[in-house]
Amino acid sequence: MEIALRGTAVGPPSEDPLKQAIDKKLGVDLTLSTVAMNDYENQLNVRLAAGNFPDAFEVDSTSKLKAFVDKGLVLDLTPYVAKLKPVSDFQGQADFDRGKLQGKQYAIVRDADVPFSSFWVRQDWLTKLNLKAPTNLDELYTVAKAFVEQDPDGNGKKDTFGITGFEFEAFSSIFGAFGVGAPDALYVKNGKLVSGATDPQAKDAIAYAKKLLDEGLIDPEIITNKNNADVDKAFQGKAGIIFKGWNNISRKTSYDKYKSINPNAEWVQFDSPVGPGGKFAGGFDYTKGPAYFMVSKSVEKDPAKLQKIIDVFNYTATEEGLRLVSYGVENKHYKMDGGKLTALPALDTEGTNFWIYQLAGRNELEYLKTKFAYISKDVQFAIDQPRIKMLNGAIYEYPAGFNKADADRYVKEETIKFLFGKRPLTEYDSFTKELDTTFKFNAFMTSAENQLKEKKLFQ
C-alpha cells in the first residue's frame, strides 16, 4: 500500500520504527513515497500522466483537490465516512468536513496547525542602547533606527539593519498594525470580504514599510532572502529584529547555532506593535489543512486494499496510533511516568520525520509542549498572538477568465514595486482597478463570497 506525499525521505524500512510498528499492528506493508516539497507536484503529475497511480496521495489546497476530482481521478469517500469515524471523532466534525466539496467527502484532511511565528528582537542590543521592545509603530521605527545608527554590536561600523526577514512574511506585524493581511490574503473586515491587496488600509501599510526601507532600516534583500538567509543574517548579527517561527530561533539546534556565533546574543519574542488598525501578527488561515489526502479512483476495484487504507488513517487517529506517530517508540523516544509522557532526547534527534506519519494530524499544542518542553513559553507566545483570520483555504474554484496564478504574480510584483519605490503610491488606486480590468478580480471576490457562504464561513 503506497501513499505519496511531500516531505523528506523516511529511510529504509529496517531503520524506520514507525513503519515497522504500523505494519505489524495492521498487517500491512505501508510505503510512504516522499518527494521534496518544491518538486512534489511535478513528480506527482508525471506519475499520474504515466498511469502510475499511488493508492493515496496528497495536495495542499482545496482548489488542487477539486482539479483532481474534476478529472475523475479521486474516489468519492462519502459512502465510507462512517468507517472513518475514528478520524472524524479525533478531528471534530468541522475539521473533518474540510475534505468536502459541494457536499461530498473527497479527502481526509490532516488536522490544522497552529501559528509558530512572531516578532523577535536582540534583547542584548536593546539593553546596550537602553531601549525597550517596541509596543507601537513609532517605537518600532525608533528601535529599528537605533539598531542602524547606534552601533548595537559595538564593532565601530555602521553595518547593521533594524529588520530582516523573507518576502511579505517580514511585514506581517507591520501590515497587521494597519489591520491588513498579506497581499494575497482573504479575510472579513467590517462585515465585508476583502483581500490584502484591495484592503482600504493597504496603501497606508505599504507607505509605512516603504519609509523604513527608504531610510535603510530594513534589509534591502528582504524579498530575495531564500533558504533561511534572513535567519542566517540575524544570527550573524546583521539585523536586530526578525519575524519568524520559534522553530527557527529558539529550538535547540537554532539556539545552539546563534550562540556558537555570538555567546552574548539573546533573541526574545515581543508583541506585535499597535497601530491604527489594531495589533495583529499577520494572518493565519484556520480554514486550510496542511494536507488533503485523496484515495485514487482505481482503488475502488480492490475493497480489501481500500479497507487497509481506511485502517491506516483511523489508526493514526486512535490514542495508541496517535502516540506512536507523534512521539515514536516508548522508552526510546519517550517515557511514561504515572500517566505523564516525557520526551527523551532521541525524539528531537530521531523524530524529525515522524510528522510524515501523522496522516490525520496530531494534538498540536500538547505535542509541541511535550516535544519542545524547554521552550513551551515560546510556543504559547506565538499561539497567543492575535491574527487576522484568513479564509483562503476554503476557496476551491475560480470563475471563468480569472487565473489565480497570474493575479497573484501581478499583485506580488506590483506590491514590491510600491515598497521599493519603483512605482509611486499615488498609483495604488490605479493598481487595484487594473486588478479587475485585467484579471477579473471582482468576479473572483464574488465567487469567493459565494463559496464562503456555502461553507457558512461568511454571511
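The values are calculated or read from the model by the stated rules, or taken from the named source; none is laboratory data. Since this is a predicted model, take the numbers as computed values, not measurements. For neighbour counting, all protein chains shown are included, and Cβ atoms are generated from backbone atoms with ideal geometry for every residue, glycine included.
Data overview
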read-out	value
Single residue of segment 12-29 satisfying the filter (in a loop (DSSP other than H, G, I, E, B) and either within 22 Å of the chain's Cα centre (by Cα) or surrounded by 11 or more Cβ atoms within 10 Å (Cβ to Cβ) (or both)) that is modelled with the lowest pLDDT	16
Output for segment 190-228, where each listed residue is among the basic types (Lys, Arg) and closer than 24 Å to residue 160 by Cβ	210, 211, 226
Among residues of segment 177-226, those that are of a type in the set (Lys, Arg), modelled with pLDDT of 95 or more and farther than 21 Å from residue 459 by Cα, counted	3
Filter pass, residue 171 being within 19 Å of the chain's Cα centre (by Cα), assigned to a helix (DSSP H, G or I), at pLDDT 95 or above and not assigned by TED's automatic domain parsing to the domain that holds residue 358	yes
Some residue of segment 368-377 being in contact (Cβ under 8 Å) with a residue 60 or more places away in the chain, surrounded by 20 or more Cβ atoms within 10 Å (Cβ to Cβ) and not aliphatic (A, V, I, L, M)	no
Within segment 216-270, helices (runs of 4 or more DSSP H) holding 1 or more residues that are of a type in the set (D, E, K, R)	229-235, 252-261
Residues (in contact with a helix residue (DSSP H, G or I) (Cβ under 9 Å, 6 or more places away or on another chain) and farther than 16 Å from residue 309 by Cα) located in segment 1-10	6, 7, 8, 10
Boolean, residue 343 is modelled with pLDDT under 95, surrounded by 13 or more Cβ atoms within 10 Å (Cβ to Cβ), in the same structural domain as residue 91 (by TED's automatic domain parsing) and on the phi < 0 side of the Ramachandran plot	yes
Segment 404-418 - residue that is surrounded by 13 or more Cβ atoms within 10 Å (Cβ to Cβ) and farther than 23 Å from residue 208 by Cα and, of those, modelled with the highest pLDDT	407
Flag for residue 336 being closer than 16 Å to residue 116 by Cα and of a type in the set (A, V, I, L, M, F, W, C)	no
Within segment 120-132, considering residues that are more than 17 Å from residue 148 (Cβ to Cβ) and touching a strand residue (DSSP E or B) at 6+ places or on another chain (Cβ under 7 Å), the one surrounded by the fewest Cβ atoms within 10 Å (Cβ to Cβ)	123
Listing of strands (runs of 3 or more DSSP E) fully contained in segment 30-126 that carry 3 or more residues being in contact (Cβ under 8 Å) with a residue 40 or more places away in the chain	56-59, 117-122
Residues (in contact with a helix residue (DSSP H, G or I) (Cβ under 7 Å, 6 or more places away or on another chain) and part of a loop (DSSP other than H, G, I, E, B)) located in segment 182-214	182, 183, 184, 185, 196, 197, 198
Output for segment 313-340, where each listed residue is of a type in the set (Asp, Glu) and modelled with pLDDT of 95 or more	319, 320, 330
Evaluation of residue 290 against (1) touching a residue at least 12 places away in the same chain (Cβ under 8 Å); (2) more than 30 Å from residue 393 (Cα to Cα) (one fails), failing number	(2)
Segment 271-295, residues that are among the β-branched types (Val, Ile, Thr) and either under 20 Å from the mean Cα position of the chain (by Cα) or part of a loop (DSSP other than H, G, I, E, B) (or both)	287
Matching residues in segment 275-309 - criterion: being surrounded by fewer than 18 Cβ atoms within 10 Å (Cβ to Cβ) and hydrophobic (A, V, I, L, M, F, W, C)	304
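Okay, residues lined up against (1) more than 19 Å from residue 314 (Cα to Cα); (2) under 20 Å from the mean Cα position of the chain (by Cα); (3) hydrophobic (A, V, I, L, M, F, W, C):
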{"site": "8", "(1), (2), (3)": "yes, yes, no"}
{"site": "56", "(1), (2), (3)": "no, no, yes"}
{"site": "59", "(1), (2), (3)": "yes, yes, yes"}
{"site": "62", "(1), (2), (3)": "yes, yes, no"}
{"site": "67", "(1), (2), (3)": "yes, no, yes"}
{"site": "75", "(1), (2), (3)": "no, no, yes"}
{"site": "84", "(1), (2), (3)": "no, no, yes"}
{"site": "94", "(1), (2), (3)": "no, yes, yes"}
{"site": "105", "(1), (2), (3)": "no, no, no"}
